[in-house]
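A short write-up of the structure that comes next.
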Amino acid sequence: MAEYGIIISRWQMQSITTRMGENGRIVIPAPIRETMGLKPGDALQVSLDEEGLRIQTIRQQIAQAQAIVRKLFGPGRSLSKELIAERRLEAKREEEEFG
């Protein structure tokens, strides 16, 4: 059984106390599942950092990675297009060199 705390708003601090069951299972309480848009079978990434246990959806991880790349390289830059252009140039060089 979960003891429910207070949910302030969609992405502000949410705190609900739950208990770990057999085999280390933790039930994510319904209000948090609903806020995160979680459905049965969704893939979740569980990690441990200096602040504690973190559970993220794959969508959240992708958005986080994209934000890091935007911060490093700026918005509007397509690293995949740059990589494809580099690979094509290298293939052209190899074709010219080795026939």
If you check G52 against the conditions, is it within 20 Å of I16 (Cβ to Cβ) and in contact with a Lys or Arg (Cβ under 9 Å, 6 or more places away or on another chain)? no
Anything in the range 1-30 that is at pLDDT 90 or above, surrounded by 13 or more Cβ atoms within 10 Å (Cβ to Cβ) and in a strand (DSSP E or B)? List them, or say none. I26
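The values are calculated or read from the model by the stated rules, or taken from the named source; none is laboratory data. Predicted model only: the values in this text are computed from it and were never measured. Using ideal geometry, Cβ is built from the backbone for each residue, glycine included, and neighbour counts are taken over all protein chains shown.
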